[in-house]
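**Q** Below are the structure tokens for one structure; questions will follow.
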């Protein structure tokens, strides 16, 4: 990776690492029968990456997806009739204040930012851009789940908002049945939107300024 990344101008975006998405006891495993083992393996790597980038001076942003009866009608309608149609009721998880909606195996510090969102795109949280601007952020390192929705939509929007987008390809994941999308998305991101590398290469680029 030839790019040098200034840590003070870089935010690590951690998308939706929540119990319902990631845990073997979460709703996406229990209700939708999605295997979460690959996601859990990724979270182990991601936790170490967060710790290292935090030490180097990057700002860490966590998103939490919230589903509720007050969720946007178009989102609710699409999910109920689409990918989440197996559920008997909606919302079946990710409710505010629930165990399933809490972060999975990652611990924000007092200096990290945790924001809720109702859509896949993290920029749908109105506070995100304001906080990024307040910290003087120019680079977004995007990680988390699911590669084909929240990662792709957030990377696309971030690029449109003028940020340099970096995606560590070993720190995004999806359900096994959707793994075919992951490589396609890496190619799409690399071709149009982002610099796509292994996380070790991203860390090396950050250390140039250490």
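The values are calculated or read from the model by the stated rules, or taken from the named source; none is laboratory data. Since the model is a prediction, treat every value here as computed from it, not as a measurement. Methodologically, a virtual Cβ is constructed for each residue, glycine included, from the backbone with ideal geometry; neighbour enumeration extends over all protein chains shown.
**Q** Take region 18-35 and flag every residue that is surrounded by 15 or more Cβ atoms within 10 Å (Cβ to Cβ) and touching a helix residue (DSSP H, G or I) at 6+ places or on another chain (Cβ under 6 Å). It would help to see each step written out before you state the result.
**A** Initial filter on region 18-35 (surrounded by 15 or more Cβ atoms within 10 Å (Cβ to Cβ)): 18-23, 26-32, 34.
Across region 18-35, the qualifying residues are 20, 21, 22, 26, 27, 28, 34.
**Q** Counting only residues that are touching a residue at least 12 places away in the same chain (Cβ under 8 Å) and on the phi > 0 side of the Ramachandran plot, how many does region 140-186 have?
**A** The qualifying residues number 1.
**Q** Please count how many residues of region 24-64 are in contact with a strand residue (DSSP E or B) (Cβ under 6 Å, 6 or more places away or on another chain) and either more than 16 Å from residue 105 (Cβ to Cβ) or at pLDDT below 85 (or both).
**A** 4
**Q** With the requirement that a residue be crowded, with 20+ Cβ neighbours inside 10 Å and farther than 15 Å from residue 143 by Cα, what does region 176-206 give you?
**A** Result: 205, 206.
**Q** Considering only region 180-205, state which residues are in contact with a helix residue (DSSP H, G or I) (Cβ under 8 Å, 6 or more places away or on another chain), closer than 17 Å to residue 145 by Cα and not in a strand (DSSP E or B).
**A** Within region 180-205, 181, 182, 185, 186, 188, 189, 198, 199 qualify.
**Q** In region 65-164, which helices (runs of 4 or more DSSP H) lie fully inside it and hold 2 or more residues that are modelled with pLDDT of 95 or more and surrounded by 13 or more Cβ atoms within 10 Å (Cβ to Cβ)? Show your work before the answer.
**A** On the way: elements: 73-81, 126-134, 152-160.
Once the helices (runs of 4 or more DSSP H) in region 65-164 are filtered for at least 2 residues that are modelled with pLDDT of 95 or more and surrounded by 13 or more Cβ atoms within 10 Å (Cβ to Cβ), what remains is 126-134, 152-160.
**Q** Run residue 53 past the list (1) closer than 12 Å to residue 203 by Cβ; (2) in contact with a helix residue (DSSP H, G or I) (Cβ under 6 Å, 6 or more places away or on another chain); (3) assigned to a helix (DSSP H, G or I) and report the number of the one that doesn't hold.
**A** Among (1) closer than 12 Å to residue 203 by Cβ; (2) in contact with a helix residue (DSSP H, G or I) (Cβ under 6 Å, 6 or more places away or on another chain); (3) assigned to a helix (DSSP H, G or I), residue 53 violates only (2).
**Q** Hey, can you tell me all the residues within region 9-32 that are in a loop (DSSP other than H, G, I, E, B), in contact (Cβ under 8 Å) with a residue 40 or more places away in the chain and either over 30 Å from residue 137 (Cβ atoms) or more than 12 Å from the chain's Cα centre (by Cα) (or both)?
**A** The first filter runs over region 9-32 and keeps only residues in a loop (DSSP other than H, G, I, E, B), leaving 16-17, 23-26, 31-32.
Applying the additional criterion that residues be in contact (Cβ under 8 Å) with a residue 40 or more places away in the chain yields 16-17, 23, 26, 31-32.
23, 26, 31, 32, listed by residue number.
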